[in-house]
Each structure stands twice: as C-alpha cells, then as structure tokens.
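Q: One structure coming up, written as structure tokens, with questions to follow.
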There are 2 protein chains.
Amino acid sequence: MLEGLDTRISLIYEPIADDLLQVEEKLASLSQTDMPHMAELLEYVLQAGGKRMRPAITLLAGNIYPHNHALPVIMGAAVELLHVATLIHDDTVDNSPLRRGRRTVTDLWGKNVAVLLGDYVFATSAVFVCETNNVRVIRRFSETLMDLSSGELQEYFSGSNSAPSRSEYENCIYKKTASLFQTASETGAILTDAPEDVVFALKRYGYNIGMAFQVIDDILDVMGNSQEIGKPVGNDLLQGVLTLPAINLMEKDPNCGPLNKLVSGNGRKDEAVVQEALGMLQDPEILSSCFAVARDYCTEAANALSIVPDSPARSSLLTLTEFVRERSY
Amino acid sequence: MLEGLDTRISLIYEPIADDLLQVEEKLASLSQTDMPHMAELLEYVLQAGGKRMRPAITLLAGNIYPHNHALPVIMGAAVELLHVATLIHDDTVDNSPLRRGRRTVTDLWGKNVAVLLGDYVFATSAVFVCETNNVRVIRRFSETLMDLSSGELQEYFSGSNSAPSRSEYENCIYKKTASLFQTASETGAILTDAPEDVVFALKRYGYNIGMAFQVIDDILDVMGNSQEIGKPVGNDLLQGVLTLPAINLMEKDPNCGPLNKLVSGNGRKDEAVVQEALGMLQDPEILSSCFAVARDYCTEAANALSIVPDSPARSSLLTLTEFVRERSY
C-alpha cells in the first residue's frame, strides 16, 4: 500500500492497490531525468502525496470490467499529473506559501520556476493520455484541461467583481474540480470498454463526488480547520473569492458589509475585513446548510452507482462517498 | 489576404490564402466568449499578428496532396495557439514589457492573468488538435508541448549555470522553436495522407527552417536591430542565456570575462556587463559565422523538398527558405 494513507482509505483502495502502486511508480519515473535541477523539482511535487483520490477513482471505475489494467494505470497517472500541474499554477497565482502543509513550488523556487514547471507537468500529462491511444479519452482530457483553466480564470476575475450567484458558483466548482473527477471516472470506464450506460453512471458518480469534495473544501476554508486543509484559513476570502458559505450569507443579507467590501476592488483583501466576514460565516446555521448541499452530492454519487454491476470496486466507490460525506459533519 | 503582411509574404502564402483566412477566423472565434474580461484578453493576444508562419507551413505542407482542407485549417489554428500560449508564458517568466513592438499580457494585466490566460490558450490548442481525430497527430502535438516546456526550463536554468556547448544549444533551440515548426509541417502532411517519404521530407523541412529561424533570431538579439525583433536588444544576455554568437566567442576565448560573468549567479544581469559583451559579440567575423550556420539550415530545408512533388505549395515552401535566408545577411 502507499505510504502515509490512513487505514480507512487503504481499505477503500484495496481492490486496486497493485494498480495504484504502478501509478505511483509511473509518476516517480518522471524524476529520472538528466535535465539539471528537474529531478529535484519533480521529486518534490510528485511525492507531495495527498490521497491520490483522482487516480484511485480512475482505477476503481476501470476495475468494474477489469480485463485491462494497463490503460487505467496510464490514465490514472495522467489524471494525477493534470491535478498536480493545476495546483502548481494555482499556488503561483494565489501566492500561497503552503499546500497540504508543505511549502509550495512558488514559495521555494519562485514564480518563474513554478510557471515553467507547471507547463512541463501539463505537457507530461498530455503525453501520458496519448499513450492510451483512445481519441475519445484524449478529447475528454483536453476538454477538462479547458474547464480547469477557464474555471481558474473565472474565479480569478470573480475576485474583482460582484458576488457570484449560486449557479455561477456551481459552474465554477464544476470547472475547477468536478470536471477532473468526472473525467477520472468516465475515462476509467471507457478504457475498459464498459457499456455506455455504465460509462454514463460512472461519469455522474465522478461529477457528484467532485462537487461534494469542493463544497466541503470551501466550507473547511472558512471553518478554520487549517490542519485538515493544510493551508491558511480564509484563503478564498483573502483572494476576494466568495464560495458557498458566503453566497449563503449574501442570499440572507444582500447588504452584508464585510462581504460586499471583499468583492469590490482588486488585489489581496484587508485582513481585518476577512476576519470579520469569517466570524459571520462560522454561524452554525450557515455551515450546516452548506454541509447539507455536500451530502446531497454524495447521495447523488451513490445513487449513480445503482446500475453498476456489483463488485469490490463498486463497493469501494460507494464507501468513498461515505468517506467524503463524513468530512461534512 | 491577411492585413499587415508584406507583399513578399503574401505572394508566398498565395496557394493557401483562403485557408489561412479560415485559420484567422477560427482564432478570432475564440474571443466570442461570454466569460467576463476574457473576450478583451483573447482579442488582444490573438490579433497580435506576426507572420503566422507556423500555420502557413501547416497549410502549405497540407496542400501538396490537397484533397482535405478542413483538417490542416484546424491544425494550423492549433499550432498557432500553442505558439501564442508559449509566448504568453515566456514573456511572463522573462518579465518582457514588449513583444513584436506591443505591450505583453504580463506587462498590461500582470503575471497572474498571464499565467492563467496562457493555460487557457494551451488548453484551447489541445481541444483544437483533438478535433482532427487523428491519434498520430495528437501524439506529435503533445510531444511538442513537452519539447517546448522542457526547452524553456532548460534555458531558464542555463542562466545560472555554465555556458552551454554547441550541441546543448542546438538541443535547446530544437525544443523551444524547431520542434513546433517540425510538427507544423509534419502534421499538415499526415492529415492529407501524404506518402510516408513525403511526410518525412516535410518534417525535415520544418526542423531545418525552424532551426534557421531561431539562430537568426538569436543573432538579431545581439545585433541591435530592435525594430526587426520588436523587443529590447540583448534580451537573452540580460537573462543570462548564451546563444550561438556567445557560444562562438566562448569557443575562441573560453576565458572571456564579460560572458563568464553573465553565466554565473542568478537573476537579471548587470546592464554594463551586458553592453560590454554585446560590443564583443557584434564582431563581424562572429556574426558572419553564425549567419552561415543559419544559411546551412535553410539549404537543408530546401534540399528536403527535393522528393516533394512539384506544386505551387512546394514552390512557396522553397521561397520561404529564401525569405528566411535573406534575414541572414
């Protein structure tokens, strides 16, 4: 099993443990380069760990009809690399010093290295996905690349705009997070020639678990559990980005002073205003209605699995929705 | 014909004038987005002009066996978008205020917007290339993405290293420039089902004209013709990057003081040292031996066309080698 994963996650990953190790080896092999400095940089970003949830979902979705292991392994590596590349550029744009409790590339080596390294990791993910030789999968992947980048741009500009509506928020978190989860599960199914209704069901699963995941991340960002998220609390508000809890509050009180201050003007926000807003967002009623949204997405993800044939991989996907749901209390 | 192209280039592009207009329309269509701010940004970077030499080469290579116009048009747009994305990130990393005499995205809107916009344009190029539905072409494209990004990283780190050897230089300009020219011509041929020997010949053509193009750019960077290159003179040396003229001088005089100062240490270099080095590099003997290298590449490009069937497109590709060669006197 992968080092550092807790027992619960290890059990969920049980049916695909060997394949996930192969993904890990494929990622590690990237650091074997004779380009000066590169080995060190790649080793740093690829060993950053995390739960490897996206490749695990690809492997689990590709394990319902498990006649082919090689293609989901390649795809899992591609999906994780795309995720890593996005994080490198996000942290650069946000000037984030920390990610999962470790210093970011931009903090350690500067913005320029982070821009170029992110590009390189993007490129590597594209080369990996081409190894699948499957045009449908490659197309989904490139559409996801587009979702991710337009989602980031949208979020960036929303910081100097008015507060987003709930549907704008959903669209934004779909693009920046759920799109990749959806592609992770959908492509795992496509690459093992699952029937179309199963492909569609797994795609719906990926979408919903991705949405749940991001909603919970956004709630944790205002709740102050910085250990869980490994980055400073109130990070979104500091960037002028309003997420579900803030949208919830704005729906109740459109004239809310601190939030209106945060969405007007450019650049990094006033720390005192952020603290004041955080205080208002930590209202139990607001938080619990946001958590309910996340749980609804988890329920939808679980429901999507109803037509998927019973198997250890299906059970794991189901348990994963519970695992995500439990972060929502 | 495209606005702003000089008569000479317009004549060369004659056989593919209609297709090139379609590429231009495809690029312009990207700005029709309802994402706030995006239309303005995309319009700015996509109307930056330039000679559109890469898509023109794709279209000319795809016009030898001209039974299919649609695919080379899509590919031409993808190739140009990849080029534009690379420029946006390069200028960000180099802190360049100007490109082709216009202010850069990073200068006008800041580094963050430049990082995200570059990612978005990269993603768009990947979506376009998928529209060709041709796995071989998609794979070549993603390998080129990898060449471009590793070339940029290599060049970036070379600035805090020792002087590169001639073969390291060749490898670097292959990755950052010739690779995309090579893919531009090769994919044009592949997408029109040209026989394999013609595909190979056009690939060789693209490689050589791309190498010539970059060598000449590097010479112009030290020669001081800032009008021609549209950016400040000595830009490479300011970044601590030694190109062919400097490598040439180092081969003659390995202890050359100013050049050795420029390759040691990090960051932007001392302006006075750069000026001193520029004075030494503007030696006619050094410049003419560098121009000879560029002309050799042009000759190789022309030779590669020997097995390509005679046609107006072939004549244009040949004339293009002369056009590039003429920049080398």
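The values are calculated or read from the model by the stated rules, or taken from the named source; none is laboratory data. Since the structure is predicted, the reported quantities are computational estimates derived from the model, not experimental observations. Cβ: placed from backbone, ideal geometry, glycine included. Neighbour counts: every protein chain shown. Protein only, heavy atoms only, side chains kept; ligands, DNA and RNA dropped before computing areas. Shrake-Rupley method; radii C 1.70, N 1.55, O 1.52, S 1.80 Å.
Q: Give the angle, between 0 and 90 degrees and rounded to the nearest 10, that separates the Cα long axis of helix B:135-158 from the longest principal axis of the Cα atoms of chain B.
A: Compared with the principal axis, the helix lies near 10 degrees.
Q: At the nearest 100 Å², what buried accessible area, both sides summed, do you get for B and A when the probe is 1.4 Å?
A: About 3800 Å² of accessible surface is lost on pairing.
Q: Next up: How far is helix B:271-281 tilted, in degrees, relative to the longest principal axis of the Cα atoms in chain B, given as a value from 0 to 90 rounded to the nearest 10?
A: 80
Q: What shape does the stretch B:17-148 take by its C-alpha gyration tensor, where a ≥ b ≥ c are the square roots of the eigenvalues and a/c under 1.5 counts as rounded, a/b above b/c as prolate, and the rest as oblate?
A: Prolate, because a/c is 1.5 or more and a/b exceeds b/c.
Q: Averaged across the residues of B:85-95, what count of C-beta atoms belonging to other chains lies within 10 Å of each residue's C-beta?
A: Shielding by partners across B:85-95 averages 2.
Q: Just name one of A:I9, A:V105, A:H67: the one whose Cα is farthest towards the positive end of the charge dipole of chain A (beta-carbon charges, Lys/Arg +1, Asp/Glu -1).
A: Of the listed residues, the answer is A:V105.
Q: Restricted to Cα positions, what overall size does the stretch B:99-149 have along the principal axes? Three whole-Å values, descending.
A: 38, 17, 17
Q: As a test question: what accessible area, to the nearest 10 Å², does A:L21 have when a 1.4 Å probe is rolled over all protein chains in place?
A: Here the residue's solvent-accessible area equals roughly 70 Å².
Q: Under the rule of -39500 (n - 2.57) per DSSP H run of 4 or more residues, summed and divided by the residues of chain A, what mean residue ellipticity at 222 nm is obtained, to the nearest 500 deg cm²/dmol?
A: Value at 222 nm, helices only, nearest 500: -22500 deg cm²/dmol.
Q: Could I ask something else about it? Once you average over the residues of A:171-179, how many Cβ atoms of partner chains fall within 10 Å of each Cβ?
A: Mean partner-chain Cβ count within 10 Å for A:171-179: 0.
Q: Under a point-charge model restricted to the Cβ atoms of Lys and Arg (+1) and Asp and Glu (-1), what is the dipole moment magnitude of the stretch A:16-326 relative to its Cα centre, in debye to the nearest 20?
A: The calculation lands at about 160 debye.
Q: How big is the stretch A:123-237 in terms of Cα radius of gyration and Dmax, in angstroms?
A: 16.1, 45
Q: In debye, nearest 20, what is the charge dipole magnitude of the protein assembly as shown about its Cα centre with +1 on Lys and Arg Cβ and -1 on Asp and Glu Cβ, if you could check?
A: Here the size comes out at about 20 debye.
Q: Peptide B:128-137: average number of partner chain Cβ atoms within 10 Å per residue?
A: 3
Q: Give the residue from B:N95, B:L20, B:Y44 lying farthest towards the positive end of the charge dipole for the stretch B:1-107; charges sit on Cβ (+1 for Lys and Arg, -1 for Asp and Glu) and the dipole is referred to the Cα centre.
A: Checked the options; the winner is B:N95.
Q: Would you look at the GNM of chain A, springs on alpha carbons closer than 10 Å, and say which of A:Q47, A:Q282, A:Q154 moves the most?
A: A:Q47
Q: Something else: For helix B:111-130, what angle does its Cα long axis make with the longest principal axis of chain B, in degrees from 0 to 90 and rounded to 10?
A: The angle comes out near 40 degrees.
Q: Over chain B, what number does the Rg to Rh ratio reach, with both radii from the alpha-carbon atoms and Rh per Kirkwood?
A: 0.96
Q: Explain nothing, just the number: dipole magnitude of the stretch B:1-89 about its Cα centre with +1 on each Lys and Arg Cβ and -1 on each Asp and Glu Cβ, in debye rounded to the nearest 20.
A: For the stretch B:1-89, the charge dipole is close to 340 debye.
Q: Still on this structure, I have one more. At 20 °C and a viscosity of 1.002 mPa s, what translational diffusion coefficient does Stokes-Einstein give for the protein assembly as shown, taking Rh as the Kirkwood radius over Cα pairs? Give it in µm²/s as a whole number.
A: 82
Q: Measure up A:K175/A:K252; A:K51/A:K175; A:K203/B:K26 against 23 Å on the Cα-Cα distance and list the ones that go over.
A: A:K175/A:K252; A:K203/B:K26
Q: Compute the accessible area per residue over chain B, keeping the other protein chains in place, probe 1.4 Å, unit Å².
A: Result: 37 Å² of accessible area for each residue.
Q: Report the calculated FRET efficiency for B:L21 and B:E322 (r = Cβ-Cβ distance, R0 = 25 Å), to the nearest 0.05.
A: So the FRET efficiency works out to roughly 0.55.
Q: Which residue, A:T183, A:A78, A:C130, has the largest displacement toward the positive end of the dipole of the stretch A:16-326 when charges sit on each Cβ (Lys, Arg +1; Asp, Glu -1)?
A: Ranked along the dipole, the leading option is A:C130.
Q: Take B:D296 and B:R100, extend 7 Å from each Cα along the Cα→Cβ direction, and tell me the distance between the two endpoints in nm.
A: In this crude label model, B:D296 to B:R100 measures out at 3.1 nm.
Q: Additional query: Ignoring ligands, DNA and RNA, what percent of the 1.4 Å accessible area of the stretch A:16-326 is carbon and sulfur?
A: The computed percentage sits at 49.
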